[in-house]
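The values are calculated or read from the model by the stated rules, or taken from the named source; none is laboratory data. Small disclaimer: the values here were computed from a predicted structure and weren't measured. Methodologically, a virtual Cβ is constructed for each residue, glycine included, from the backbone with ideal geometry; neighbour enumeration extends over all protein chains shown. Calculation scope for accessible area: heavy atoms of the full protein, side chains included, ligands and nucleic acids excluded. Shrake-Rupley method; radii C 1.70, N 1.55, O 1.52, S 1.80 Å.
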2 protein chains.
Amino acid sequence: MSESELKQLSLFQPCSSAFLEKLDAHKQIQNFKRGKVIFIQGDEAERFYLIRKGWVKLFRETRDGAQAIIDVVPAGRLFGEKAVLENDHHSCTAEVVEDAEIVSYSLADLKKELETDSDLTKSMLQEMARQCHRQEKELEHRSIQNAAQRIGCLLLRLSDQTAEGPVSIKLPYDKTLIAAQLGMQPETFSRALGKLREQLGLEIQGANIQIDDLQKLVSFSCSACSFDFPCKDLQEAAE
Amino acid sequence: MSESELKQLSLFQPCSSAFLEKLDAHKQIQNFKRGKVIFIQGDEAERFYLIRKGWVKLFRETRDGAQAIIDVVPAGRLFGEKAVLENDHHSCTAEVVEDAEIVSYSLADLKKELETDSDLTKSMLQEMARQCHRQEKELEHRSIQNAAQRIGCLLLRLSDQTAEGPVSIKLPYDKTLIAAQLGMQPETFSRALGKLREQLGLEIQGANIQIDDLQKLVSFSCSACSFDFPCKDLQEAAE
């Protein structure tokens, strides 16, 4: 039997093959179109999810009906697994924002293993600490970076941070969502993108962005950040 | 021997008396004046801390020298304990912002216990999940609430949320720090406080604020929040 794709996730690295085989035995693979809602805030949770392809938006709704984006999750990452810490309920809504291939697993299997496998608990604690770090960084940026610096940061996170020479990026989902994710109005986003074009010479054509000099963007955005470049959390996630 | 004060913290509730006695055996009690720096971002971590009295600000500095507030920690809460997840280094700076009495404990003792006590690991995972929740809420508010709503939220969090009738609050530390904690400029803070006075009839005299009708403030701030009032995380912290 080939190695489970879950083994590539740092969360499951300490786990036994027997447990991963058990998860795999009950897995489901599904293709979802953009716009598909996978679960809703408050739903009883039965599955957790690994994105193979596409992007998924996690959000909550306020009483006023406004959407607060919690995360936009890329391929290679899990979502929904935190319900094991939330009395088996999802604390947010998950919606596909770019056509996706998603594998789902039994949350009950995960929960049962957490009861007895302390290495998995420790691994989940490390994952949670990483998430806290990402959020702290985001909060910091909301306080300290201006709109153009925040967009610059997102572009750097979408880039190969070890690249030399010019870098090309394709924005992975629509600009309205990127603006919402960064906590800004679409108009603010457009103005700030214009500023990046003027001041740093970024070439922007629709969703395609060319950066001639990554270091210039690093100086621009990362000077207003307390974390080191290249971003350690991205490296950890890739491990 | 009287029960350890650590037993009152949800993190340590599942722990054995023997372990808590060990922590207590190496504890140090210190009084610090406002302005005292307890540890600096990047410091090797040897102790973790419980605030008995006063307030402590946790922050990081950007390369530009700007301060990003991570948290302002009240009496009854720990700080510095997360260094066990960060290779025994503090990832932020801790500075006393109101004269404080602080008990410190050995981080090595905590770390050693985490290796063998899976209940403590699970408890720490729950704590971390709570912190993630608090941060998600804060991020949500930065995206969705205006400055006056964010201040209203802070006032509600400083209030007895089950109170009926008029409520009096004393701001626990200076307004410049509150503004920074909420991610706004001091001028924005002053203007927004003025708006709360005009629109909701708050009486503000220096650090003293009187709220005639808590429900009015709840309608004003919590309508732009995806969490329920009274705030569940405050209740959990008090358990």
Worksheet item: Taking the range B:189-232, which residues are within 12 Å of chain A (Cβ to nearest Cβ) and either in contact with a helix residue (DSSP H, G or I) (Cβ under 7 Å, 6 or more places away or on another chain) or not small (Gly, Ala, Ser) (or both)?
Response: B:218, B:220, B:221, B:222, B:224, B:225, B:226, B:227, B:228, B:229, B:232
Worksheet item: For the range B:195-223, how many residues meet the condition of being more than 17 Å from residue B:145 (Cβ to Cβ) and outside any strand (DSSP E or B)?
Response: 9
Worksheet item: Going through the range A:188-233 one residue at a time, which ones are buried (at least 17 other Cβ atoms within 10 Å of the Cβ) and in contact with a Lys or Arg (Cβ under 9 Å, 6 or more places away or on another chain)?
Response: A:189, A:192, A:193, A:200, A:209, A:221, A:222, A:224, A:225, A:226, A:227, A:231
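State which residue is least open to solvent (accessible area, probe 1.4 Å) when the search covers only the range A:59-91 and only residues that are in a loop (DSSP other than H, G, I, E, B) and free of Cβ contacts under 8 Å to residues at least 12 places away in the same chain.
If we filter the range A:59-91 for residues that are in a loop (DSSP other than H, G, I, E, B), which is where we start, we get A:62-66, A:74-77, A:80, A:86-88, A:90-91.
This time we only want the ones that are free of Cβ contacts under 8 Å to residues at least 12 places away in the same chain, so: A:62-66, A:87.
Details: A:62: 10, A:63: 135, A:64: 103, A:65: 48, A:66: 35, A:87: 126 Å².
Here the answer is A:62.
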Worksheet item: Of everything in the range B:166-188 that's away from chain A (no Cβ under 14 Å) and assigned to a helix (DSSP H, G or I), which residue is nearest to residue B:143 (Cα to Cα)?
Response: B:187
Fill in: Test result for residue B:102, at pLDDT below 95 and β-branched (Val, Ile, Thr)
no
Practice prompt. Considering each of A:79, A:19 in turn, give the residue that is within 19 Å of residue A:124 (Cα to Cα), of a type in the set (A, V, I, L, M, F, W, C) and in contact with a Phe, Trp or Tyr (Cβ under 7 Å, 6 or more places away or on another chain).
Written response: A:79
Worksheet entry | Every pair of residues 6+ apart whose Cβ atoms lie under 9 Å, when the first sits in the range B:115-133 and is within 9 Å of chain A (Cβ to nearest Cβ) and of a type in the set (Val, Ile, Thr) while the second is open to solvent by 50 Å² or more (accessible area, probe 1.4 Å) and part of a helix (DSSP H, G or I) | B:121/A:122; B:121/B:115
Worksheet entry | Every residue from the range B:15-58 that is in contact with a Cys (Cβ under 7 Å, 6 or more places away or on another chain) and surrounded by fewer than 21 Cβ atoms within 10 Å (Cβ to Cβ) | B:41
Discussion item. Cβ-Cβ under 6 Å, sequence separation 6+ or interchain: first residue in the range B:216-234 and farther than 26 Å from residue B:10 by Cβ, partner of a type in the set (Ser, Thr, Tyr). Which pairs?
Written reply: B:224/A:62
Worksheet item: Within the range A:142-165, can you find the residues that are in a loop (DSSP other than H, G, I, E, B) and of a type in the set (S, T, N, Q)?
Response: A:145, A:146, A:159, A:161, A:162
Discussion item. Against the definition (more than 9 Å from chain A (Cβ to nearest Cβ) and free of Cβ contacts under 8 Å to residues at least 24 places away in the same chain), how does residue B:158 come out, yes or no?
Written reply: yes
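Every residue, every condition in (1) farther than 29 Å from residue A:229 by Cβ; (2) more than 8 Å from chain A (Cβ to nearest Cβ), yes or no:
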position: B:48; (1), (2): yes, yes
position: B:52; (1), (2): yes, yes
position: B:55; (1), (2): yes, yes
position: B:68; (1), (2): no, no
position: B:74; (1), (2): yes, yes
position: B:79; (1), (2): no, yes
position: B:83; (1), (2): no, yes
position: B:90; (1), (2): no, yes
Item to complete: Within the range B:123-146, identify whether any single residue is closer than 21 Å to residue B:213 by Cβ and open to solvent by less than 30 Å² (accessible area, probe 1.4 Å), and answer yes or no.
Response: yes
Practice prompt. Go through the range B:96-122 and count every residue that is within 18 Å of the chain's Cα centre (by Cα) and open to solvent by 40 Å² or more (accessible area, probe 1.4 Å).
Written response: 3
